[in-house]
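The numbers here are math on the coordinates, done by the rules we state, and not lab data. Computed from a predicted model, the values in this text were never measured in an experiment. Note: ideal-geometry Cβ built from the backbone for every residue, glycine included; neighbour counts use all protein chains shown.
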Amino acid sequence: MFRIGIGYDVHRLVEERPLILGGVNIPFDKGLEGHSDADVLTHAVIDAVLGALGRGDIGTHFPDSDPAYKGANSLELLKKVIDWVAKEGLAVNNVDAAVVAQAPKLAPFIGDMRRRLAEAMNARVSAINIKATTTEGLGFCGRGEGVAAYAVVSLVRPEDE
């Protein structure tokens, strides 16, 4: 069995918040606004996993109206979703993700992001790919108003690998 899901998330950049992407705190003068830690990369990955499982989206399972998720660590939410993957007899085959931000430059942090996501997903680091790109100054990301992330996840039954 082979399942694929796609995820997308976006958050506004604001002052006096940390910038957390893939569980890594990125030094920057702004961070992402949100009910949880607003980690757009991890949120996109969660949505992709949920899509592959056919279980809706992140807002269904971890709503921003629930005080239990106020300030939540998104990697911990991802671990809960990965537990559901294991209960289905599946495992992460691979993740391909893209973070869209005009600034800061993310290349120095991608290795740490890959390692943290791999650990949370019980996956090999080599199964996690993360790209960072700008929009050449176009749109809300290009104007520095926010950060977006896209992710595709494939799940397999371990015996099918």
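Worth pointing out:
- Relative contact order for region 44-133: 29 percent, from Cα pairs under 8 Å spaced at least 6 residues apart, divided by residue count.
- Residues Thr133 and Lys79, FRET efficiency given R0 of 22 Å [Cβ-Cβ distance, rounded to 0.05]: 0.20
- Legend: helices of the chain (whole DSSP H runs) are marked when their alpha-carbon atoms reach 18 angstrom or more along the helix axis and their mean Kyte-Doolittle hydropathy is at least -1.0; marked are 40-53, 74-87.
- Mean separation of Cα contacts under 8 Å, 6 or more apart, over the residue count of region 95-161: relative contact order %: 49
- Relative contact order %, region 2-160, counting alpha carbon pairs below 8 Å whose residues are six or more apart: 33
- Averaging Cα coordinates gives a centre for region 31-80 and one for region 131-161; these two points are 15 Å apart.
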